[in-house]
Amino acid sequence: MNESKENERFTQNGLFISRIPLKTKEEFKCFANEDFAGDYGFCLKFLLDFHQGLLTTSNQVLIDQIEMLAQEIDSIKSSLVKKEEPKKKQIKSVSGRVISEKEE
């Protein structure tokens, strides 16, 4: 007799789930209605894909973009720090002693 109950719960086109907290159930329904036009099946598939790591969170995308911007800022800062000092023209004697320096 238990087998017939399970067959009723898991049909080819449906799924019966019991013992869901009321708040969780309402949140799932709202999520399905807002993002999946009330399609509970695709909502469940999305959540399972997300759980399995097939989908990334929008936060992860933002984190990746922030890291990329941070790297670009670091490269710009390092290029600004590496500015060359103004070149100086030196006049040297034959012995190598510097007689005078002038900026170019």
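A short reminder: the numbers here are calculations on the coordinates, not readings from a lab. Being a predicted model, the structure only gives us computed values, none of them experimental. All Cβ positions, glycine included, derive from the backbone under ideal geometry; neighbour counts span all protein chains shown.
Quick look at the values:
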read-out: The stretch 30-43 - phi-based ³J(HN,Hα) in whole Hz, Karplus 6.51/-1.76/1.60, Gly and Pro as x; value: 5, 4, 5, 5, 6, 9, 10, 6, x, 8, 5, x, 5, 5
read-out: Highest to lowest packing among 63-69, 91-97, scored as the average C-beta count within 10 Å; value: 63-69, 91-97
read-out: In nm, spacing of pseudo-spin labels at Gln90 and Tyr40 (7 Å Cα→C-beta vector); value: 8.4
